[in-house]
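Undergrad: Before anything else, here's the structure in question.
Read the figures in this text as sums done on the coordinates, not as results from a lab. The shown structure was predicted, so the numbers you read here are calculated from the model rather than taken from an experiment. Cβ placement follows ideal geometry from the backbone for every residue including glycine, while neighbour counts extend to all protein chains displayed.
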Amino acid sequence: MHQFEAETARHIVVIMLREALIARDIELIVQDLRPNAPAVVARNVEEVTARLFRGDVIDIAFVDELLSAIGPSDFAQRIATDRGTVVLVGHEPSAVPQRPNLTLLQFPFTREDVEKLVFCQPVC
């Protein structure tokens, strides 16, 4: 994590996906919907934590790997502490356990699907 502290708490969106085109699509939609909310785009937890500042609040995290997002990790704990929502991208509902801060974004998705998730915080 950065050594610097943000002057005020930044409410951020994390986009941690392996597929760059899907990540970029979600990033553009989020930037349009929440232009003042920084989006941290990365391929893994290490890249995300390297880009966070102390005091940042994760409102929503779009991820494609269940374990790295809600398993026993510092990243999962950070999302829970921030009362953020994990959006699991591209999975079938039958393959995902029910968790209070977990929701799905299935393929194919539309701008409206992402918009519902972004504006339905902390829980849909």
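Undergrad: Would you work out the relative contact order for the chain, in percent, from Cα pairs under 8 angstrom that are 6 or more residues apart?
TA: Numbers: 217 pairs, mean separation 31.3, N = 124.
It rounds to 25 percent for the chain.
Undergrad: Considering only the other residues whose Cβ falls under 13 Å of the Cβ of residue 96, what net charge follows from Lys and Arg at +1 and Asp and Glu at -1?
TA: Values: positive: 99; negative: 64, 65, 92.
Residues near residue 96 contribute -2 overall.
Undergrad: Also, I was wondering about something else. If packing is taken as the average number of other Cβ atoms within 10 Å across a peptide's residues, how do 13-26, 91-104 rank, most packed first?
TA: Details: 13-26: 18.4, 91-104: 11.9.
Packing order, densest peptide first, comes out as 13-26, 91-104.
Undergrad: If you don't mind, another one. Between (i) 31, 18, 13; (ii) 24, 17, 13; (iii) 21, 16, 14, which entry matches semi-axes √(5λ) of the Cα gyration tensor in Å as derived from the coordinates of this structure?
TA: Read-out taken from this structure: (iii).
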